[in-house]
Amino acid sequence: MIPCFSSLSEADHAHVEKAYKQARVLCQLMAHLTTTTIGSLFRFSEDLHESIDKAIEFQRANGVDIVSDGEQRADMVAYFAESFGGLAVENGTPIVTGKVELKNSPEKFSKVQDLKYIKSKHPDVRIKLAITGPTTLGMTCGSRKIKSHYKNIMDFALYDDIATALRPIAKTLVDGGAYVQIDEPFLSQGYKDMAQRVRLIDQIVADLPSEKVSVHVCGFIGGFGVASMLSELDNISVISFGFAGGIEKRNIEHVSRKLFEDTGKKLGAGCISVTPLAENQVDTPEAVAAKLKDIASKVGRENIAYAHPDCGMRATNKSLVPIILRNMRAGVDLFG
Ligand SMILES: [Zn+2]
């Protein structure tokens, strides 16, 4: 007979509660890791909406739990350079033309429009959209040309203005039901005002629920202490790095259980390379599972938020992308 919960003594109540908590921890341990993608994929079709539909269906068919929009319109810099006052694309090159600000309401921003479309067409989808961070966006545009307003590429006002312009976009995306990922590949390079640059990420997502926000840094992260700086941020919950590619392999030396547990962060674990040139170079499911085991032994399985390819796949050999996603899914299932 199952006793009615309210008729339990306090001691029994505590006992039931404890058993329930243990069962939940066990369930979490037994559940397979969630999978996601970092963002960009090859363009699927000439028609934008058809292209977005195909990008979503492609990811779901290949075992991705939290899908991306596939960045079907543009590359990670052009998305913003085309829509922000003060940034422009001139002869195919993004540049700085004046004070950076959001020109229109965030509702008009292309990624927000695409999210609306995706939510109406695929209402049950879990989606993560990427925003290019201030350092990567500012450095990419400012290194080509700064026409006015900022002294030079090291003028911190440029990055501060970009963070301010990104803030309403991040909020509108989260309000629209998306997870938001701030992409800051350039932060692996190291700058003299690194800590200040990392803190800009917190500013972008200041009022948002941190469980909706992640940050992704590509390449080798061991040079300038970026992992520990990111772990100190208040308003993000997941920090994502690659561990599988030639450059990314050594990242395992720069993460630890302490890094995540001291600050309550989780790891986005890049577990399959995005740079194979032929099918026999794609990491096998066994290699993916072994990689995840290595990562888990370093940070603790419970501190992994999800598994993903090392990086976006716009530049990846198109015919290998489905194999990468399928092998990642199979590797995650093997890892258990
Ligand atoms: Zn990346």
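The values are calculated or read from the model by the stated rules, or taken from the named source; none is laboratory data. Bear in mind the structure is a predicted one, so any value in this text is a computation, not a measurement. Every residue, glycine among them, receives a Cβ derived from its backbone with ideal geometry; neighbour counts consider all protein chains shown. Note: areas computed on protein heavy atoms with side chains; ligands, DNA, RNA excluded. Shrake-Rupley method; radii C 1.70, N 1.55, O 1.52, S 1.80 Å.
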Does Val215 meet the test of being touching a residue at least 12 places away in the same chain (Cβ under 8 Å), over 17 Å from Val299 (Cα atoms) and either more than 14 Å from the ligand (Cβ to nearest atom) or part of a loop (DSSP other than H, G, I, E, B) (or both)? no
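Yes/no per residue for (1) outside any helix (DSSP H, G or I); (2) at pLDDT below 95; (3) on the phi > 0 side of the Ramachandran plot:
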{"position": "Leu166", "(1), (2), (3)": "no, no, no"}
{"position": "Gly190", "(1), (2), (3)": "yes, yes, yes"}
{"position": "Ala195", "(1), (2), (3)": "no, yes, no"}
{"position": "Asp207", "(1), (2), (3)": "yes, yes, no"}
{"position": "Gly222", "(1), (2), (3)": "yes, yes, no"}
All positions within region 177-197 that are open to solvent by less than 20 Å² (accessible area, probe 1.4 Å), of a type outside the set (S, T, N, Q) and under 15 Å from the mean Cα position of the chain (by Cα): Ala178, Val180, Ile182, Asp183, Glu184, Leu187
Which condition number does Val174 fail, the rest of (1) surrounded by fewer than 24 Cβ atoms within 10 Å (Cβ to Cβ); (2) in contact (Cβ under 8 Å) with a residue 40 or more places away in the chain; (3) more than 16 Å from the ligand (Cβ to nearest atom) being met? (2)
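Just the residues that are assigned to a helix (DSSP H, G or I) and of a type in the set (S, T, N, Q), please, taken from region 284-336. First the steps, then the outcome.
Of the residues in region 284-336, the ones assigned to a helix (DSSP H, G or I) are 285-299, 301-303, 318-335.
Ser297, Asn303, Ser319, Asn327 - these are the residues of region 284-336 that are assigned to a helix (DSSP H, G or I) and of a type in the set (S, T, N, Q).
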Pairs please, first residue from region 270-290 and on the phi < 0 side of the Ramachandran plot, second anywhere and among the basic types (Lys, Arg), Cβ atoms under 8 Å, 6+ apart in sequence or on different chains. Cys271/Lys291; Ile272/Lys291; Asp283/Lys291
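Just to be sure, is Thr275 within 14 Å of the ligand (Cβ to nearest atom) and either in a helix (DSSP H, G or I) or open to solvent by 60 Å² or more (accessible area, probe 1.4 Å) (or both)? Write out each step before concluding.
Details: within 14 Å of the ligand (Cβ to nearest atom): yes; either in a helix (DSSP H, G or I) or open to solvent by 60 Å² or more (accessible area, probe 1.4 Å) (or both): yes.
Yes; evaluated as a whole, the condition is true for this residue.
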